[in-house]
1. Would you tally the net charge around residue 42, using a Cβ to Cβ cut-off of less than 12 Å, leaving residue 42 out, and scoring K and R as +1, D and E as -1?
2. Around residue 62, under 10 Å between beta carbons, what's the net of Lys plus Arg minus Asp minus Glu among the other residues?
3. For region 19-78, what does the equivalent ellipsoid look like in terms of its semi-axes, each the square root of 5 times an eigenvalue of the Cα gyration tensor, given largest first in whole Å?
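Throughout, read-outs are computed from the coordinates displayed, never taken from laboratory work. Note that this is a predicted model, so its numbers are computed, not measured. All Cβ positions, glycine included, derive from the backbone under ideal geometry; neighbour counts span all protein chains shown.
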Amino acid sequence: MSNSDQERINSFIYPQVPYLGSSKTEDLAFHANLQEFSQRVSYLCGLESGGKLSSEQAYEQVQCLWQQLKQSKQRNSYLK
């Protein structure tokens, strides 16, 4: 597989959307955390749908990710 093919695959699997919000450091950090949360939840949904995780396991992991996202928002709020 050529390098350009790998880049196209990566851009499909890991799409990057330009951030149009505030360019403050705390906003950029939260946006990055939100994108990571979204991607991980997507993976968990796929694993649960494919039978690799139980619904309960997926739910618990999403809850944990949500708590981490909330904490990152609170940490970033203190920077303002």
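1. After counting each charged neighbour, the total is -1.
2. Local net charge: -1.
3. Over the Cα atoms of region 19-78, the ellipsoid semi-axes are 27, 13, 5 Å.
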